[in-house]
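Here's the structure, in structure tokens; my notes come after.
The values are calculated or read from the model by the stated rules, or taken from the named source; none is laboratory data. Just so you know, these numbers come straight off a predicted model, no measurement behind them. With ideal geometry, Cβ positions are generated from the backbone for all residues, glycine too; neighbour counts draw on all protein chains shown.
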Amino acid sequence: MAYFLKYTRTLHSWFGVIALPWVILFGLTGFYLNHPGMIEKILPLQSYQENTSDYVKLSKPLSAEDAAEIARRYWSDSKMKSVSRATYHGYDVIEFEREAGAIIVVSDTGHYYVKSRLQNKMFAPDGSLENRKIYWAYVFGVFHRTGWLGWSIGTVLADITAIALIIFGFSGLVLWYLPKHKRFKRRLGRMLP
């Protein structure tokens, strides 16, 4: 019995150490998903102020080919889904929709946005990064479901953490109950005739 308890304590300790980082992060992401307003106050890069008045209106708007040249710089390995003209943040734009996200080029000024599920980056016409916004709800939601920041490895880390927590819980129950087992049997024996 002593060997079994020692083995169970070791197992309990190691599974606790393995699961601890994910338990903390799952707790934080779960809290955010239930109460986003409380957490959003301390998160950086939630929004940005567009200071597009700094961009001079081009004498001639960018052509579709010029805009496509900008779009080719991003996610070239990702399949192009569509190209369309639209209005974005009050500007007439050419939007290049790829599987990985969208490249949105403002044809009048040449500034553009690179928008994925995780973030939105705004670039000046010269290609320098002007602003960045992180979509925290998506980031935390994906992490909470997968245990990782993306779907590339599926839910493997979340599943490993779940299994570790199950083992951690059962081993904790065993460690709590077994030392009390003899005492419980003695008390039960005294109560029964």
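The table below lists the values:
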{"item": "Single unsatisfied condition, Thr29 versus (1) surrounded by 15 or more Cβ atoms within 10 Å (Cβ to Cβ); (2) closer than 30 Å to Lys182 by Cα", "result": "(2)"}
{"item": "Members of the stretch 35-75 that are modelled with pLDDT under 85, among the small types (Gly, Ala, Ser) and closer than 18 Å to Gly127 by Cα", "result": "Ser53"}
{"item": "Among the residues listed as Arg132, Arg145, the single one being of a type in the set (Lys, Arg), in a helix (DSSP H, G or I), under 23 Å from the mean Cα position of the chain (by Cα) and within 25 Å of Gly37 (Cβ to Cβ)", "result": "Arg145"}
{"item": "Selection status of Ile160, closer than 21 Å to Gly16 by Cβ and surrounded by 16 or more Cβ atoms within 10 Å (Cβ to Cβ)", "result": "no"}
{"item": "Qualifying residue in the stretch 160-177 (condition: farther than 30 Å from Gly30 by Cβ and touching a helix residue (DSSP H, G or I) at 6+ places or on another chain (Cβ under 6 Å))", "result": "no"}
{"item": "Matching entry among Glu95, Glu40, Glu99 (being closer than 20 Å to Ile134 by Cβ and acidic (Asp, Glu))", "result": "Glu40"}
{"item": "Qualifying positions in the stretch 84-110 - of a type in the set (A, V, I, L, M) and in contact with a His (Cβ under 9 Å, 6 or more places away or on another chain)", "result": "Ile104, Val105, Val106"}
{"item": "Leading residue by the ranking (surrounded by the fewest Cβ atoms within 10 Å (Cβ to Cβ)) among those in the stretch 105-150 that are more than 27 Å from Ser59 (Cα to Cα) and among the aromatic types (Phe, Trp, Tyr)", "result": "Tyr138"}
{"item": "Arg117 within 30 Å of Ala162 (Cα to Cα), part of a loop (DSSP other than H, G, I, E, B) and either touching a strand residue (DSSP E or B) at 6+ places or on another chain (Cβ under 8 Å) or not assigned by TED's automatic domain parsing to the domain that holds Gly30 (or both)", "result": "yes"}
